[in-house]
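K.L.:
Pasting a structure here, questions to come.
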Amino acid sequence: MNTRLAWTQGNNIYLTRENILKMAMTEETPPDFLLWLDSDNPPSIPGFELLLGAIDASPEVSVVGGWYRFFNPHTKEVHVAAGYNGRIHSHNLTEEEVLKADHLIEVDFIGFGFCLMRRQVIDDIGLERCFEPLVFPEPNHNGHSWATDDDGFFHRAKAVGHRVFVHPAVHVPHEKFLNIPGTFEGSQEIPILKEI
């Protein structure tokens, strides 16, 4: 099996993911599978084995990923980073939906935090188009007209016939920093330098 590591960081997620993808795909023999890992989603070996087993067992599975939570700063709610973008059925999966499932759950999008896909997905979308920012003609279920990196990628993947799944037995933590506010926040007092 041909294995290589492609790593980068940056403040533009679209460009960062595009750069990683180009590094992974520019070898003479491109990989059969790509495993996406985000630095704030620590993976596990048993989780990887479940993802690989699911994709090996089912040729109709183009992408399978673990599930994790994210915090929406606009609504102040916690959601699962996977769900549906259809006109009728449009929402993020709930934890209850994931935890009661005894099989893979087909979705429109999934977060890239711990996500395994076939190279054919990249080939069918086109290397240069995978992370091109996408603007929807009307706002999506989150009220945005622009697509996040994962939402845009999987919109394109599904448009060329690929199927995307969440593995309910593969949960991955989502490690985020907690902001500790200063004691003067919310106070009407303006902090000033005082002579001793």
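The values are calculated or read from the model by the stated rules, or taken from the named source; none is laboratory data. Just so it is clear, the structure is predicted and the values come from calculations on it, not from any experiment. Here the Cβ positions follow ideal geometry from the backbone for every residue, glycine too, while neighbour counts run over all protein chains shown.
K.L.:
Collect the residues in the range 1-16 that are assigned to a loop (DSSP other than H, G, I, E, B) and not charged (D, E, K, R), keeping them in residue-number order.
P.N.:
Selection gives Met1, Asn2, Thr3, Leu5, Ala6, Trp7, Thr8, Gln9, Gly10, Asn11, Asn12.
K.L.:
Can I ask one more? Can you tell me which residue is farthest from the chain's Cα centre (by Cα) among those in the range 17-73 that are without any contact (Cβ under 8 Å) to a residue 24 or more places away in the chain, over 21 Å from Leu127 (Cα atoms) and part of a helix (DSSP H, G or I)?
P.N.:
Of everything passing the filter in the range 17-73, Ala57 is farthest from the chain's Cα centre (by Cα).
K.L.:
If you take the residues of the range 85-119 that are among the aliphatic types (A, V, I, L, M) and not in a strand (DSSP E or B), which of them is nearest to Pro30 (Cα to Cα)?
P.N.:
Per the stated criteria, the residue is Leu104.
K.L.:
Let me ask something additional. Please specify each residue of the range 103-122 satisfying the condition of being modelled with pLDDT of 95 or more and over 16 Å from the mean Cα position of the chain (by Cα).
P.N.:
Selection gives His103, Leu104, Gln120.
K.L.:
Could I ask something else about it? Counting only residues that are modelled with pLDDT of 95 or more and in a loop (DSSP other than H, G, I, E, B), which one in the range 162-187 is surrounded by the most Cβ atoms within 10 Å (Cβ to Cβ)?
P.N.:
Val172
K.L.:
Can you tell me which residue in the range 130-144 is farthest from Pro73 (Cα to Cα), limited to those that are surrounded by 15 or more Cβ atoms within 10 Å (Cβ to Cβ) and at pLDDT 75 or above?
P.N.:
If we take residues in the range 130-144 being surrounded by 15 or more Cβ atoms within 10 Å (Cβ to Cβ) and at pLDDT 75 or above, then Cys130 is farthest from Pro73 (Cα to Cα).
K.L.:
Are any residues in the range 69-86 over 19 Å from Ala147 (Cβ atoms) and in contact with a Phe, Trp or Tyr (Cβ under 8 Å, 6 or more places away or on another chain), and if so, which ones?
P.N.:
Glu77, Val78, listed by residue number.
K.L.:
Are any residues in the range 146-161 under 13 Å from Val63 (Cα atoms) and either of a type in the set (Phe, Trp, Tyr) or crowded, with 21+ Cβ neighbours inside 10 Å (or both), and if so, which ones?
P.N.:
Asp150, Phe153, Phe154, Ala157, listed by residue number.
K.L.:
If you don't mind, there's one more thing I want to ask. Can you name the residue in the range 74-84 that is surrounded by fewer than 20 Cβ atoms within 10 Å (Cβ to Cβ), part of a strand (DSSP E or B) and not charged (D, E, K, R) and, of all such residues, is farthest from the chain's Cα centre (by Cα)?
P.N.:
Val78
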